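These notes are about the structure you will find just below.
Throughout, read-outs are computed from the coordinates displayed, never taken from laboratory work. Bear in mind the structure is a predicted one, so any value in this text is a computation, not a measurement. Neighbour counts are summed over all protein chains in view; Cβ atoms, including those assigned to glycine, are modelled from backbone coordinates with ideal geometry.
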Amino acid sequence: MTSNYDKQSLPPDKLLHYDNMIGMNSEIDRKGATLPYTSVNGNMFTFFSKDGTINIRLPEKERLDFMNTFEARLSVQHGVTLKEYVVVPESLLENTILLLHYLNISFEYAKTLKPKPSKKK
């Protein structure tokens, strides 16, 4: 069994929704060779998890509103709860305009975080 996640295993319909959402903001580039994600100044703000969910980082007020409005849950990865990330419910995946609204909030929030130094040499 290999530890690398086979990108061919990503649900193509969800990947399409993720790409559509990101493609609507020309300032954001999708990154990640095996699992797609977005980041700014070294701070990740969305990612596509191995379990096929789209996760988005939101500031506290918007995160709580998002969770209450869409009955969303916090993201849990490798047994750790990511307190700033919510899992985008399946019911929202086709609502690209609404997702773009939250993507833009996430992007603006990530730009306020302390930049992380690049690991590239």
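Can you give the helix-only mean residue ellipticity at 222 nm for the chain, where every DSSP H stretch with n ≥ 4 adds -39500 (n - 2.57) and the sum goes over all residues, rounded to the nearest 500 deg cm²/dmol? Spell out each step's value before the answer.
Details: 3 runs with 40 residues, N = 121.
Dividing the helical sum by the residues of the chain leaves -10500 deg cm²/dmol.
A 26 angstrom limit on the alpha carbon distance is what I want to check against. Which of Lys61/Lys119; Lys31/Lys111; Lys14/Lys83; Lys14/Lys119 exceed it? Display every interim value, and only then the final one.
Details: Lys61/Lys119 31 Å; Lys31/Lys111 17 Å; Lys14/Lys83 23 Å; Lys14/Lys119 29 Å.
Over 26 Å Cα-Cα: Lys61/Lys119; Lys14/Lys119.
Indicate the gyration tensor shape class of the chain (rounded, prolate or oblate), computed on the Cα atoms with a ≥ b ≥ c the square roots of the eigenvalues: a/c under 1.5 is rounded; otherwise a/b larger than b/c is prolate and the rest oblate.
Details: a/c = 1.31, a/b = 1.08, b/c = 1.21.
Rounded, because the longest to shortest axis ratio a/c is under 1.5.
Just to be sure I understand the rule: take each whole DSSP H helix in the chain, project its Cα atoms onto its long axis, keep it if the span is 27 Å or more and its mean Kyte-Doolittle hydropathy is at least 1.0. Which ones pass?
On the way: long enough: none.
None pass (Cα extent of 27 Å or more, hydropathy at least 1.0).
Highest first, please rank the peptides 93-103, 59-69 by the mean number of other Cβ atoms sitting within 10 Å of their residues.
Values: 93-103: 15.8, 59-69: 13.6.
The densest-packed peptide leads the list: 93-103, 59-69.
Below 8 Å, C-alpha to C-alpha, sequence gap of six or more: please give me the relative contact order for the chain in percent.
On the way: 164 pairs, mean separation 33.0, N = 121.
Worked out over the chain, it gives 27 percent.
When Lys and Arg each count +1 and Asp and Glu each count -1, what net charge do the other residues less than 11 Å away from Met44, Cβ to Cβ, add up to?
Values: positive: Lys31, Arg57, Lys116; negative: Glu84.
Overall, the nearby charge balance is +2.
How far apart, in nm, are two points set 7 Å out from the Cα along the Cα-to-Cβ line at His78 and at Glu90?
2.7 nm
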